[in-house]
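Following: one structure in structure tokens, then a few remarks.
The values are calculated or read from the model by the stated rules, or taken from the named source; none is laboratory data. Source: prediction; values computed, not measured. No Cβ is skipped: glycine too gets one built from the backbone with ideal geometry, and neighbour counts run over all protein chains shown.
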Amino acid sequence: MNNSNPGKALIVDDEITNRVILKSLLKKQGYETIEAANGQEAIDLFRSGNPDIIFMDVMMPVVDGYEATRQIKAETGNRFVPIIFLTAMTDEESLGLCIEAGGDDFMVKPYDNFILRTKIHAMQRIATLNQEVQGMYSMIHREQEIAESVFVNAIQGTNISNPHIRSRIRPATTFSGDMMLSSYSPSRELFFLIGDFTGHGLSSALGAMPVSEVFHAMTSKGFDPEDILSGINKKLKALLPVGMFFGVQLVVINPELEHVRIFNAGMPDLLIIDGHSNQIIHRGKSRGLPLGVLPEIDTKEIGERVVISPNDKILLYSDGLTEARNSEDEEFGEARLDAVIAKTSGKSTFDQLFMDLDHFCGDMSQVDDVTFVELTCVREILPQIDKEVKATAQQLQKDQGKWDLTLKFDGSRLRETNPVPILVNQIMEMEQIESERPSLFTVITELYVNALDHGVLGLKSELKSDPAGFASYFQQREALLAALDTGHVIFSLAVEQESAIRRITLRVEDSGEGFDYDNTQLSLVDDTQLSGRGILLIDDLCHSLSYEGKGNIAKAIFEWSTT
Amino acid sequence: MTEQSSETLDHSTLNQLKTDMGDDFGELIPVFIQSGQEILTALEHAFNEGDVAVFLRQAHSLKSSSANLGGTLLSRQAAALELDAKSGILPKSDDFMHGLRAEFARIETELLKLAA
């Protein structure tokens, strides 16, 4: 349709001379015309004839002009089909009725050709505008669909699926400003993060992708949660405009299920619930500003270490849950959440929570994204070491020759840096054995922690045997570490090939007193001299483990087949 | 009572129509004549039946179509009937039909002269 062929016009008038005249005028404008003598015929012809413009008389038998207009306008959908009323009545009330019924304009009889042309021209301009708007809507809709699938793949696709992780995000609109990330570290810890970007919708969700990338890159390389949060903070500080920030809760579940590390910056309380009594044993309150605000964050301030036992539950949620409103404008609130927890003693809180939330909110539309996560701290929530995988892993290995490496970290350096990811990454770069990362990481971490805690800091592991001592142990550890500027840990490793075997010989030496290893028995029952069950684990993962020197040098040999 | 214009047809209206409609103008006259006759018949019938609704609609149509063709007097006559009918009032006798038919005949004659 263009100016020389403006399309089809529907003329609705019960009086024949009116139709003849208007038909003639419209034909001269290039219109093809169809005619109806009453409102019902108009509706029928609209449906069958698909006119581009309608001229509608008001007073007609069967169905009058107002009613016909109402019905037709209800059926035009996204198309703009202008309806121009034909009226001899010029009183304001009548004209008001025309517009209220959905008419776009009116024309007074007798028809003035010039006025007719002008009004048609104006309607065509509106039609063009409407088409542009519809086009933009389609484009936006298409783009949103693409963006949504990218998001789903990039973020949700990389999370852990496990029956003991019950989680849900209910976005308020297509794009969620809330996000959820989960990953296992190489040392078999579970990292679980939920976050809430300011606002909601697409602009809020954009930050999710860089956060996800930083999180997954760093957790897979074994970085500490403090470093990961710092990394995310740096990224967001550079990325987000002023006024936008990212509230975050992070949980790191230790594979021994003795304690969890929790971090809360700008989110509601993170709840830890006793597995038997169902009491809330700890509320992890927000202890810092959300991320993306300050150039540096004090991760030590934000983090807490909480003792847990197997079967305890951890609940994480965003404020969209507690601030959800019902029709009386009341908030769901923490009290109701506590009530749900209390009444689901011994079973999962997850399903009951959503049932109660839906019941509370009723028909009210959701204003903010709602996130709720229930983690049950059992063995099965963590990855198991699969020794079978090690044996059958196919590696593209040739004899890559020998290399060795020595890294020495002084006390002051140890205060700031966890050397383990650095060392492991170096080995991975040189040897390209990604499948061995978890085992290698676990071994080196365990040896390093022993060297640092017992060798350099002089802590005794017996302290960790009960919950009070446990807390005391870590308090002491933090204090000693913060003041550390003497001592050292030296890593020296040699990598070599022997026929079809590749071997890493790693020595971890600390500046401490060592211990009498000749007379110390490694047994399942009594392993108090060496930190917990950790040494037995390494023994399992290495080819061999022994001690040298005063007992301050641990030597681990790690082998894998290159065929 | 002010003297109404006795001119049967308002030629300025007709001339404007001729200009606007061009060739199509010729079609308009027979349409008007036939339509007008049908309306007058229907009007009389409605009067005889005492049907106010139909009477009203026919009077309205007559007013409209005669105004289109410049038949100002006929249009005013029809308007008066329409106004009364809106209040539910029909004429007392069928005398009104004579006036309408007479005026219509005059219009018809002049239009046919134009068309020729």
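The table below gives the values:
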read-out	value
Matching residues in region A:31-60 - criterion: being more than 18 Å from A:D104 (Cα to Cα), away from chain B (no Cβ under 14 Å) and surrounded by fewer than 24 Cβ atoms within 10 Å (Cβ to Cβ)	A:E32, A:I34, A:Q40, A:E41, A:D44, A:L45, A:R47, A:S48, A:G49
Qualifying position, being touching a helix residue (DSSP H, G or I) at 6+ places or on another chain (Cβ under 7 Å), under 28 Å from A:L463 (Cβ atoms) and among the aliphatic types (A, V, I, L, M), among A:L270, A:L229, A:L291	A:L229
All positions within region B:17-28 that are facing chain A (nearest Cβ under 10 Å) and in contact (Cβ under 8 Å) with a residue 12 or more places away in the chain	B:L17, B:L28
Index of the failed condition, B:D23 passing every other in (1) within 16 Å of the chain's Cα centre (by Cα); (2) surrounded by fewer than 14 Cβ atoms within 10 Å (Cβ to Cβ)	(1)
Pair list, Cβ under 8 Å, 6 or more apart: region A:121-140 residue farther than 13 Å from A:D104 by Cα, other residue outside any helix (DSSP H, G or I) and basic (K, R)	A:N130/A:R79
Matching residues in region A:312-344 - criterion: being surrounded by 14 or more Cβ atoms within 10 Å (Cβ to Cβ) and among the polar types (S, T, N, Q)	A:S318, A:T322, A:N326, A:T344
Residue check for A:D516: in the same structural domain as A:V420 (by TED's automatic domain parsing), at pLDDT 90 or above and among the charged types (D, E, K, R)	no
Scan of region B:38-73 for residues that are touching a residue at least 60 places away in the same chain (Cβ under 8 Å) and within 17 Å of A:T17 (Cα to Cα), ordered by number	B:L40, B:L69, B:G70, B:G71, B:T72
Test: residue in region A:14-29 that is β-branched (V, I, T), away from every other protein chain (no Cβ under 14 Å), crowded, with 18+ Cβ neighbours inside 10 Å and more than 54 Å from the chain's Cα centre (by Cα)	no
Residue in region A:347-361 that is farther than 18 Å from A:L270 by Cα, at pLDDT below 90 and either of a type outside the set (D, E, K, R) or not assigned by TED's automatic domain parsing to the domain that holds A:S187 (or both) present	no
Residue in region B:75-87 that is of a type in the set (S, T, Y), closer than 21 Å to A:V20 by Cα and either touching a helix residue (DSSP H, G or I) at 6+ places or on another chain (Cβ under 8 Å) or loosely packed, with under 13 Cβ neighbours inside 10 Å (or both) present	yes
Qualifying residue in region A:334-342 (condition: more than 25 Å from the chain's Cα centre (by Cα), over 19 Å from A:I280 (Cβ atoms) and in the same structural domain as A:F246 (by TED's automatic domain parsing))	no
Residue satisfying all of: in region B:56-85; within 11 Å of another protein chain (Cβ to nearest Cβ) and among the charged types (D, E, K, R); farthest from A:D14 (Cα to Cα) among these	B:E82
Near pairs, Cβ below 6 angstrom, 6+ apart or cross-chain, from region A:274-286 (within 12 Å of A:I341 (Cβ to Cβ)) to any residue that is among the β-branched types (V, I, T)	A:D274/A:I281; A:I280/A:I273; A:I281/A:I272
Residue identified as away from chain B (no Cβ under 14 Å), closer than 26 Å to B:T19 by Cβ and at pLDDT below 95 among A:F80, A:F106	A:F106
Count of region A:231-259 residues which are over 18 Å from the mean Cα position of the chain (by Cα) and of a type in the set (G, A, S)	2
Members of region A:114-148 found to be surrounded by 12 or more Cβ atoms within 10 Å (Cβ to Cβ) and at pLDDT below 90, listed by number	A:Q144, A:A147, A:E148
Test: residue in region A:295-309 that is in the same structural domain as A:F215 (by TED's automatic domain parsing), within 23 Å of A:I169 (Cα to Cα), surrounded by 14 or more Cβ atoms within 10 Å (Cβ to Cβ) and touching a residue at least 12 places away in the same chain (Cβ under 8 Å)	no
Candidates B:L43, B:L14, B:L9, filtered to the one that is buried (at least 17 other Cβ atoms within 10 Å of the Cβ), farther than 28 Å from A:F114 by Cβ and more than 9 Å from every other protein chain (Cβ to nearest Cβ)	B:L43
Number of positions in region A:167-226 that are of a type in the set (D, E, K, R), out of contact with any strand residue (DSSP E or B) (no Cβ under 7 Å at 6 or more places or on another chain), at pLDDT 90 or above and not in a helix (DSSP H, G or I)	1
Unique match (being within 20 Å of A:I155 (Cβ to Cβ) and touching an Asp or Glu at 6+ places or on another chain (Cβ under 9 Å)) among A:G247, A:G231	A:G247
Selection count where residues are modelled with pLDDT of 70 or more and in a helix (DSSP H, G or I), scope region A:527-559	5
